[in-house]
Each structure stands twice: as C-alpha cells, then as structure tokens.
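For reference, the structure discussed in these notes is given below.
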Amino acid sequence: MTLTEIAEMIRSGVGSSSFADSLKFDCGDAGVLVIADQTVSLLDRDTDVTLKMTTENVERLIKGKLNPVTAVMTGKIKLSGNPAVAMKLKELL
C-alpha cells in the first residue's frame with residue numbers, strides 16, 4: 001500500500017476527529033504523511049511529533065496490526081517531538 005492509499009484510507013476519520021495536534025509519518029524516500037488541522041497531506045511540514053518508520057509499518061499501524069508501544073521499543077518506530085501527541089494517534093484509528 002502506498003502513502004497515497006493510506007492517506008485516502010484515513011482521511012474521513014481524521015476529518016471527523018477532535019485531533020487538534022500535528023503528526024508526521026516520515027517514511028524516508030517513500031515520502032511523508034502529515035496529519036494536521038483535521039486533514040491528511042503528503043506535503044512535508046513541521047509537526048508536533050514525527051514518527052520515522054517504513055510504509056509497510058505505517059500500514060500495519062493503521063490497520064491495528066502493529067502495537068505502537070512495542071514498535072517504539074523494538075526500533076520499528078523512531079519518535080521525535082512530543083510523545084503525548086503520538087499517544088493520541090489511536091483517537092484517529
């Protein structure tokens with residue numbers, strides 16, 4: 001699944017959520033997916049928290065097949081910025 005497909009999959013949930021922070025999935029050469037201002041974008045920008053991970057792990061996270069705490073502890077996700085914002089991600093999924 002591409003970042004564009006993932007963005008389409010989560011767009012309606014993000015638009016109807018109360019998530020007021022900003023979060024970025026940084027997938028290296030594959031690009032970024034930014035959740036901010038109740039929208040989903042593939043354009044890079046500064047955010048409250050950045051999660052560096054593979055596109056495959058973003059897909060697994062969104063589908064509930066990757067435990068975010070375990071993924072951070074095992075290095076599948078590298079977190080920078082405000083970890084409290086990252087914890088709010090489950091509100092969107």
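Per-residue Karplus couplings for region 60-74, computed as 6.51 cos²θ - 1.76 cosθ + 1.60 with θ equal to phi - 60°, are listed in order as 4, 5, 4, 7, x, 9, 9, 6, x, 5, 4, 5, 5, 5, 9 Hz, Gly and Pro entered as x. Note on the chain: the alpha carbon radius of gyration divided by the globular reference 2.2 N^0.38 Å gives 0.95.
If you bin the C-alpha pair distances of region 42-93 every 10 Å from 0, what whole percents do you get? It works out to 23, 62, 15, in whole percents.
The charge dipole of the chain, taken about its Cα centre with unit charges on the Cβ atoms of Lys, Arg (+1), Asp and Glu (-1) only, comes to about 360 debye.
Scanning residues 5 or more positions from Ile77 or on other chains, those with amide H under 5 Å from its amide H are Val72, with H placed 1.01 Å from N in the peptide plane. Sticking with the crude label model, points 7 Å out along Cα→Cβ, report the distance from Met87 to Asp46 in nm, one decimal please. The answer from the label model is 2.5 nm.
Once label points are set 7 Å from the Cα along Cα→Cβ at both Thr74 and Asp37, what is their separation, rounded to one decimal in nm? Placing both labels 7 Å beyond Cα along the Cβ direction yields 3.7 nm.
Laboratory data are not the source of any read-out in this text; all were calculated from the coordinates shown. Given the structure is predicted, the values throughout are model-derived calculations rather than measurements. Note that each Cβ is placed from the backbone with ideal geometry, even for glycine, and that neighbours are counted across all protein chains shown.
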